[in-house]
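A.B. asks: Before anything else, here's the structure in question.
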Amino acid sequence: MAGATICATSRRGSDMLRRLVRSPPVLLAVLYLALIASGSLLLALPISTTAPISVLQAVFTATSAVTVTGLVLVETGSGFTLFGQVVLLALIQVGGLGLMTFAVLLLDTLGHRLGASSRQVLREDLHQRSAHALPALVHAVARIALVCEGLGALLLATVFIPEFGILRGAWFAIFHSVSAFCNAGFALRADSLSAWVSNPIVNFTMPALFLLGGLGFVVIRDLSHQRRWHGLSLHSKLMLTGSLGLTLWGFASFALLEWNNPGTLGSLGTADKLIASGFQALTPRTAGFNTLDIGQTHDATSLMMIVLMIVGGGSASTAGGIKVTTLMVLLLATLAFFRRTPAPRAFGRHIGQEQLLKVLALTTVSILTVVVALFIVSISHDGDFLDLAFEIASAFGTVGLSRGATPELDTLGRCVVMGVMFLGRVGPLTFGYLMANRIASRLRYPEGQVYLG
């Protein structure tokens, strides 16, 4: 009897393991881990760096590139050779647009069809509910990225080529255009884009790139097909409305809080102050570039930026965070509760219970992730708490903005930051599948009363 019980338990454990391995979210996480491992090996090669780096530094940099975060332990422009920078750019491009997107394009080029299991992984990578129109979406993603990055590089070349020469200027333009559209935050100067704080081309081209990349490919495709507001999907309307509101709030807050700060806006003219405020209002939405010293901002400004970093950009985009639509649904659900309406409504549509539960789970897991990571890092690093919170929020939102705490972390702290970056890229709900029971229960229990609030 005992032997039979052990065998049954072992069989159930084996079946559970097989289901987990075949689960699209878990498979996607494994694929990204493999990409990080490959990138780490390439970045650790002597040909990639100007001076030897440790294994941890190589893994950290590869993780930051694949997750399109931008936090670094080695300065990109001076620490890596041209070969190393090309490797980084490739990791950024694949990580930003999605590993499965490139796999589909390669299979199409070779004339192979996408299998059912691969479609499910691709659906998870692009955050889609259905696998029906995935091939069309993949090709749309590739076209959008090619056009945006190409135009961005041409515009930036008009600034960088006269300053650095043809070859170096062209590379600067290409690197920053791809990094901006993928919301990666990697720059070839230690001060990011601070040298061009007053340059109108840089200050409008870069935000346009990471705004387009952060909106989401579904929204961009929707806008290209629908010329009227009423024809847009509910997702696009919520995304555009939420993005506008967050941008205006960030712009007004940064300008008001930093207007007379000598470390940020104080030394600039009025027009440059407004331009710099607009740039800094958009960059926390997972872009990671800066034209001002973020370490010199007031505490209130840093807290505002932490909120923007945790929210992030849009689903099926190059951005991270809990996503703008998640925040919008949370606000709509709160409004529905106070109005005593049965379900949240917006633009003539209501939001179903399944989506509400997903939003609740996503928000809860995200908050727990940030809090637990911050707690662990605080144990081993007794530094400025706000700086640590800023770094963790930046890692979770795959932003890359920093107040200078990341290089000061010990090995445990850096490993925690890497884990948070990875979780922020593959999605906080991925690890929920490790505990989820996929078999629907047939039992129904009577409703109970819980006193809340």
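A.B. asks: Are there any pairs, at least 6 apart or on different chains, whose C-beta atoms fall under 8 Å, with the first in region 326-338 and under 16 Å from residue 367 (Cβ atoms) and the second open to solvent by 70 Å² or more (accessible area, probe 1.4 Å) and part of a helix (DSSP H, G or I), and if so, which?
C.D. replies: 329/355
A.B. asks: Sticking with this one: Sort out which residues of region 293-309 are open to solvent by 70 Å² or more (accessible area, probe 1.4 Å), part of a helix (DSSP H, G or I) and over 21 Å from residue 320 (Cα atoms), and write them in order of number.
C.D. replies: At the first step, the residues of region 293-309 found to be open to solvent by 70 Å² or more (accessible area, probe 1.4 Å) are 293, 296, 298-299, 303.
Next cut, part of a helix (DSSP H, G or I) only: 296, 299, 303.
296, 299 - these are the residues of region 293-309 that are open to solvent by 70 Å² or more (accessible area, probe 1.4 Å), part of a helix (DSSP H, G or I) and over 21 Å from residue 320 (Cα atoms).
A.B. asks: Follow-up. Of all residues being at pLDDT 55 or above and open to solvent by 70 Å² or more (accessible area, probe 1.4 Å) in region 123-154, which is nearest to residue 89 (Cα to Cα)? Just the residue, please. Give the steps one after another, and end with the answer.
C.D. replies: As a first pass, look at region 123-154 and keep what is at pLDDT 55 or above: 133-154.
In the following step, the residues that additionally are open to solvent by 70 Å² or more (accessible area, probe 1.4 Å) were identified as 143, 146-147, 151, 154.
Working: 143: 18, 146: 14, 147: 17, 151: 17, 154: 17 Å.
Here the residue is 146.
A.B. asks: Tell me, please, whether a residue that is modelled with pLDDT of 85 or more, open to solvent by 80 Å² or more (accessible area, probe 1.4 Å) and within 23 Å of residue 183 (Cβ to Cβ) can be found in region 362-372. Steps first, answer last, please.
C.D. replies: If we filter region 362-372 for residues that are modelled with pLDDT of 85 or more, which is where we start, we get 362-372.
Filter once more, so that each one left must be open to solvent by 80 Å² or more (accessible area, probe 1.4 Å): 367-368, 371.
So of that shortlist, the ones also within 23 Å of residue 183 (Cβ to Cβ) come out as 367.
Checked region 362-372: at least one residue is modelled with pLDDT of 85 or more, open to solvent by 80 Å² or more (accessible area, probe 1.4 Å) and within 23 Å of residue 183 (Cβ to Cβ).
A.B. asks: Is it fair to say residue 162 is surrounded by fewer than 23 Cβ atoms within 10 Å (Cβ to Cβ) and touching a residue at least 12 places away in the same chain (Cβ under 8 Å)? Before the answer, list the steps.
C.D. replies: Details: surrounded by fewer than 23 Cβ atoms within 10 Å (Cβ to Cβ): yes; touching a residue at least 12 places away in the same chain (Cβ under 8 Å): no.
Spelling it out, it is not the case that residue 162 is surrounded by fewer than 23 Cβ atoms within 10 Å (Cβ to Cβ) and touching a residue at least 12 places away in the same chain (Cβ under 8 Å).
A.B. asks: Looking at (1) in contact (Cβ under 8 Å) with a residue 40 or more places away in the chain; (2) farther than 17 Å from residue 238 by Cβ, find the lone condition where residue 347 falls short.
C.D. replies: Only one criterion is unmet by residue 347, namely (2).
A.B. asks: Restricting the search to region 310-340, which residues are assigned to a loop (DSSP other than H, G, I, E, B) and open to solvent by less than 60 Å² (accessible area, probe 1.4 Å)?
C.D. replies: Start the filter on region 310-340 by keeping residues that are assigned to a loop (DSSP other than H, G, I, E, B), which leaves 312-323, 340.
Scanning region 310-340 gives 312, 313, 314, 315, 316, 317, 318, 319, 320, 321, 322, 323.
A.B. asks: So which residues in region 209-223 are open to solvent by less than 60 Å² (accessible area, probe 1.4 Å) and either part of a helix (DSSP H, G or I) or within 15 Å of residue 289 (Cα to Cα) (or both), if there are any at all? Walk me through how you get there before you give the answer.
C.D. replies: Here is the first cut: in region 209-223, the ones open to solvent by less than 60 Å² (accessible area, probe 1.4 Å) are 209-210, 213-220, 222.
Answer for region 209-223, where residues must be open to solvent by less than 60 Å² (accessible area, probe 1.4 Å) and either part of a helix (DSSP H, G or I) or within 15 Å of residue 289 (Cα to Cα) (or both): 209, 210, 213, 214, 215, 217, 218, 219, 220, 222.
A.B. asks: I'd like the full set of residues that are of a type in the set (Gly, Ala, Ser) and closer than 18 Å to residue 239 by Cβ, limited to region 326-344. Don't jump to the end; show me each part of the working.
C.D. replies: Going through region 326-344, the residues of a type in the set (Gly, Ala, Ser) turn out to be 333, 336, 343.
Scanning region 326-344 gives a single hit, 333.
A.B. asks: Then there is this: Does at least one position in region 184-193 carry a residue that is open to solvent by less than 20 Å² (accessible area, probe 1.4 Å) and assigned to a helix (DSSP H, G or I)? Don't jump to the end; show me each part of the working.
C.D. replies: Applying the first criterion (open to solvent by less than 20 Å² (accessible area, probe 1.4 Å)) to region 184-193 yields 184-188, 192-193.
From the residues that got through so far, the ones that are assigned to a helix (DSSP H, G or I) too are none.
Scanning region 184-193 turns up no residue that is open to solvent by less than 20 Å² (accessible area, probe 1.4 Å) and assigned to a helix (DSSP H, G or I).
A.B. asks: What is the number of the single condition among (1) open to solvent by 40 Å² or more (accessible area, probe 1.4 Å); (2) farther than 23 Å from residue 251 by Cβ that residue 200 does not meet?
C.D. replies: (2)
A.B. asks: Looking at 257, 248, 238, 212, which one is out of contact with any His (no Cβ under 8 Å at 6 or more places or on another chain), more than 25 Å from residue 174 (Cβ to Cβ) and in contact (Cβ under 8 Å) with a residue 40 or more places away in the chain? Before you say what the answer is, go through the steps one by one.
C.D. replies: On the way: 257 fails: out of contact with any His (no Cβ under 8 Å at 6 or more places or on another chain); 248 fails: in contact (Cβ under 8 Å) with a residue 40 or more places away in the chain; 212 fails: more than 25 Å from residue 174 (Cβ to Cβ).
Only one candidate qualifies: 238.
Rundown of residues vs (1) of a type in the set (Gly, Ala, Ser); (2) closer than 24 Å to residue 295 by Cα; (3) at pLDDT below 90, yes/no style:
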residue	(1), (2), (3)
188	no, yes, no
192	yes, yes, no
207	no, yes, no
233	yes, no, yes
240	no, no, no
269	yes, yes, no
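A.B. asks: Taking into account only those residues within region 165-176 that are within 13 Å of residue 187 (Cα to Cα) and of a type in the set (A, V, I, L, M), which is least open to solvent (accessible area, probe 1.4 Å)?
C.D. replies: 173
A.B. asks: I'd like to check which helices (runs of 4 or more DSSP H) are fully inside region 1-79 and have at least 2 residues that are of a type outside the set (Ser, Thr, Tyr), modelled with pLDDT of 60 or more and open to solvent by 50 Å² or more (accessible area, probe 1.4 Å).
C.D. replies: Output list reads 24-43.
A.B. asks: Output yes when any residue across region 160-168 is touching a Ser or Thr at 6+ places or on another chain (Cβ under 9 Å) and in a helix (DSSP H, G or I), and no when none is.
C.D. replies: Checked region 160-168: no residue is touching a Ser or Thr at 6+ places or on another chain (Cβ under 9 Å) and in a helix (DSSP H, G or I).
The values are calculated or read from the model by the stated rules, or taken from the named source; none is laboratory data. The structure displayed is predicted, hence computed values, not measured ones. Methodologically, a virtual Cβ is constructed for each residue, glycine included, from the backbone with ideal geometry; neighbour enumeration extends over all protein chains shown. Only protein heavy atoms, including side chains, enter the accessible area calculation; ligands, DNA and RNA are left aside. Shrake-Rupley method; radii C 1.70, N 1.55, O 1.52, S 1.80 Å.
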